[in-house]
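> Dropping a structure here in structure tokens format, bear with me for questions.
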Amino acid sequence: MSEKEILVARSGYLDWLFRWKDKRMIKVVSGVRRSGKATLFTLFRTWLLSHGTSEAQIITVNFEDLSFEHLCDYKELYAYISAHLVSGTMNYIFLDEIQHVHDFEKAVDSLYIKENCDVYITGSNAWFMSGELATLLTGRYIELKMQPLSFTEFCSGLPEPMNSSSIEERFDYYTENGGFPYTLQLAGRSREIGEYLNGVYSSILLKDIVGRLKVSDVDTLERIIRFLIHNTGSQTSPANIANTLTSSGNKVDQKTVSKYLRGLCDSLLFYEVPRCNIKGKQFLTTQNKYYPVDTGLRRLLIKTTERDAGHLLENIVFLELMRRSDKVYTGQIDSQEIDFITESGSSTAYYQVALTTLDEETLSRELVPLQKVHDSYPKYLLTLDTVFRTADYSGIKKLNVIDWLTGKD
């Protein structure tokens, strides 16, 4: 008997699709492999069918399905869709993992100019939205950047009896296993989750990085990945990485490291976070930070230790800020750091992240950078403290991370 698929309602992402439905824009959903893009389209198509759209009005092509391999030619793709359009009404066209189609932007642009086509596409790389597509379709597309499950989404899909455990236990489980949706299907089966995540990682590595960049030295690439995971949330640069690897007997030049870093970020396996000098109000060009797209990959690739807890917490906060904000970067003020600065429209906010600030010295160290910022924007200190979980330090609000993640702050 096959398992019943667990479908998590990604309400924030679905609301985005509802808002842009029938509007004259190409809807682009980008995100790392297995983050749930295809399932999101499934949920949206189900909604369309339940609200009066006929099956004939919906055209779906998944380019990772060999049944559609012949449509990887953009002319064949355009001809196929044109032949299936229903005249006199809106047609909803879903093109999943479209980066497999060479010059796909030509077919998409031709569909866009038709009055009765509402086009939705997904891709598993950042680079598929660059170059020709950005040039040809400027002003014609809107992009939704999708991630694996948030903590709230993860909890909503956890099966019993795990969903009845304490919120702290669920958070620990989420931290260890990450948010790739299929891990919910394997809940409680640590070995199988590890095997599944290994498959996801290998797919990203081989298809989106090694294949695209024609990497011949995969061992060096994986050493860079492990370096980034070991140093999550720490400032680094291609020169730092090259020097570290070379000193450990794996000689590599800075140019190669830069190339691999671009590939890792383009594959959406990592996010590069720029630094901003707060007083000078300018971005710095060196010593950026890197965060993996999912904390579950960490235990897969490196042996975690007690000291990793702070890195993992910071990683989870960063990913949540990416969901909630337009821009996320790190800040520098004098010689000190502010973990995250966010921008959403005209609003700015500052965040410090720490496992605990019950020790007075630690509390003071975390507050000082925020106290140096003399503006009226919100400032937060996020911790896992369960006693004194909230406080106000002259306008700096201390919140419990789990409360903040679940909206109980």
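> State which residue is farthest from Phe340 (Cα to Cα) when the search covers only the range 376-396 and only residues that are loosely packed, with under 15 Cβ neighbours inside 10 Å and among the β-branched types (Val, Ile, Thr).
Filtering the range 376-396 for residues loosely packed, with under 15 Cβ neighbours inside 10 Å gives 376-378, 386-388, 390-392, 394-395.
If we keep only those that are among the β-branched types (Val, Ile, Thr) too, we end up with 386-387, 390.
Working: Thr386: 23, Val387: 24, Thr390: 19 Å.
Ranking the candidates gives Val387 first.
> To continue, here is another question. Among the listed residues Leu40, Leu14, Leu7, which satisfies the condition of being under 23 Å from Met322 (Cα atoms), under 21 Å from the mean Cα position of the chain (by Cα) and in a loop (DSSP other than H, G, I, E, B)?
Values: Leu40 fails: in a loop (DSSP other than H, G, I, E, B); Leu14 fails: in a loop (DSSP other than H, G, I, E, B).
On inspection, the qualifying residue turns out to be Leu7.
> Okay, moving on. Considering only residues that are at pLDDT below 95 and of a type outside the set (A, V, I, L, M), look in the range 379-389 and name the one that is nearest to Lys408 (Cα to Cα). If you could, list the steps in order and put the result at the bottom.
Step one: filter the range 379-389 for residues at pLDDT below 95, giving 386-389.
Checking the rest, the ones that are also of a type outside the set (A, V, I, L, M) come to 386, 388-389.
Numbers: Thr386: 14, Phe388: 15, Arg389: 12 Å.
Per the criteria, the residue is Arg389.
> Could you say whether any residue in the range 246-267 is within 23 Å of Pro378 (Cα to Cα), open to solvent by 20 Å² or more (accessible area, probe 1.4 Å), outside any strand (DSSP E or B) and small (Gly, Ala, Ser)? I'd like the intermediate steps shown before the answer.
Start the filter on the range 246-267 by keeping residues that are within 23 Å of Pro378 (Cα to Cα), which leaves none.
No - not one qualifying residue is present in the range 246-267.
> Name, by its number, the condition in (1) assigned to a helix (DSSP H, G or I); (2) open to solvent by 70 Å² or more (accessible area, probe 1.4 Å); (3) not polar (S, T, N, Q) that does not hold for Arg298.
(2)
> Among the residues of the range 43-96, write down those that are β-branched (Val, Ile, Thr) and open to solvent by 60 Å² or more (accessible area, probe 1.4 Å).
Within the range 43-96, the first condition is being β-branched (Val, Ile, Thr), and the residues that meet it are 46, 53, 58-61, 81, 86, 89, 93.
Across the range 43-96, the qualifying residue is only Thr46.
Each row is one residue, and each column tells you yes or no for (1) more than 18 Å from the chain's Cα centre (by Cα); (2) modelled with pLDDT under 95.
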| position | (1), (2) |
| --- | --- |
| Tyr260 | yes, no |
| Gly263 | no, yes |
| Gly280 | yes, yes |
| Leu284 | yes, yes |
| Asn288 | no, yes |
| Val293 | no, no |
| Thr305 | yes, yes |
| Gly310 | yes, yes |
| Phe318 | no, no |
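Results for (1) surrounded by fewer than 17 Cβ atoms within 10 Å (Cβ to Cβ); (2) in a helix (DSSP H, G or I), shown as yes or no for each residue.
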position: Gly331; (1), (2): no, no
position: Ile338; (1), (2): no, no
position: Ile341; (1), (2): no, no
position: Thr357; (1), (2): no, no
position: Arg365; (1), (2): yes, yes
position: Val368; (1), (2): yes, yes
position: His374; (1), (2): yes, no
position: Lys398; (1), (2): no, no
position: Lys408; (1), (2): yes, no
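> Which residue pairs have Cβ atoms under 6 Å apart, sit 6 or more places apart or on different chains, and have a first residue in the range 224-245 that is in contact (Cβ under 8 Å) with a residue 40 or more places away in the chain and a second that is of a type in the set (S, T, N, Q)?
Short answer, once both residue conditions are applied: Thr232/Asn315; Gln235/Gln287; Ser237/Thr286; Ser237/Gln287.
> Cβ-Cβ under 8 Å, sequence separation 6+ or interchain: first residue in the range 101-116 and assigned to a helix (DSSP H, G or I), partner small (Gly, Ala, Ser) and surrounded by fewer than 18 Cβ atoms within 10 Å (Cβ to Cβ). Which pairs?
Correct list of pairs: empty, since none qualify.
> Please state which one of Ile209, Ile229 is under 18 Å from Arg299 (Cα atoms), of a type outside the set (Gly, Ala, Ser), within 18 Å of the chain's Cα centre (by Cα) and outside any loop (DSSP other than H, G, I, E, B).
Working: Ile209 fails: under 18 Å from Arg299 (Cα atoms).
Testing whether each residue is under 18 Å from Arg299 (Cα atoms), of a type outside the set (Gly, Ala, Ser), within 18 Å of the chain's Cα centre (by Cα) and outside any loop (DSSP other than H, G, I, E, B) leaves just Ile229.
> Tally up the residues in the range 167-179 that are over 27 Å from Tyr201 (Cα atoms) and open to solvent by less than 50 Å² (accessible area, probe 1.4 Å), please. If you could, list the steps in order and put the result at the bottom.
Restricting attention to the range 167-179, the residues satisfying the condition of being over 27 Å from Tyr201 (Cα atoms) are 167-168.
Narrowing the set further to residues that are open to solvent by less than 50 Å² (accessible area, probe 1.4 Å) leaves 167.
So the answer is 1.
> Residue check: is Glu272 open to solvent by 10 Å² or more (accessible area, probe 1.4 Å), touching a Cys at 6+ places or on another chain (Cβ under 7 Å), among the charged types (D, E, K, R) and not in a loop (DSSP other than H, G, I, E, B)? Break it down into steps so the answer makes sense when it comes.
Details: open to solvent by 10 Å² or more (accessible area, probe 1.4 Å): yes; touching a Cys at 6+ places or on another chain (Cβ under 7 Å): yes; among the charged types (D, E, K, R): yes; not in a loop (DSSP other than H, G, I, E, B): yes.
For Glu272, the condition - open to solvent by 10 Å² or more (accessible area, probe 1.4 Å), touching a Cys at 6+ places or on another chain (Cβ under 7 Å), among the charged types (D, E, K, R) and not in a loop (DSSP other than H, G, I, E, B) - is met.
> Only one of (1) in contact with a Phe, Trp or Tyr (Cβ under 9 Å, 6 or more places away or on another chain); (2) at pLDDT 90 or above fails for His102. Which number is that?
Unmet for His102, out of (1) in contact with a Phe, Trp or Tyr (Cβ under 9 Å, 6 or more places away or on another chain); (2) at pLDDT 90 or above: (2).
> A further question follows. Six or more apart or on different chains, Cβ under 8 Å: which pairs go from a residue in the range 13-34 that's closer than 17 Å to Ile93 by Cα and of a type in the set (A, V, I, L, M) to one that's open to solvent by 10 Å² or more (accessible area, probe 1.4 Å) and in a loop (DSSP other than H, G, I, E, B)? Could you list them?
Filtered contacts from the range 13-34: Met25/Arg140; Ile26/Arg140.
> When residues of the range 287-304 are filtered for being closer than 9 Å to Asn177 by Cα and either free of Cβ contacts under 8 Å to residues at least 24 places away in the same chain or β-branched (Val, Ile, Thr) (or both), how many remain?
Of the residues in the range 287-304, 1 are closer than 9 Å to Asn177 by Cα and either free of Cβ contacts under 8 Å to residues at least 24 places away in the same chain or β-branched (Val, Ile, Thr) (or both).
The values are calculated or read from the model by the stated rules, or taken from the named source; none is laboratory data. These numbers come from a predicted model, not from an experiment. Note that each Cβ is placed from the backbone with ideal geometry, even for glycine, and that neighbours are counted across all protein chains shown. Accessible surface areas use protein heavy atoms only, side chains included; no ligands, DNA or RNA. Shrake-Rupley method; radii C 1.70, N 1.55, O 1.52, S 1.80 Å.
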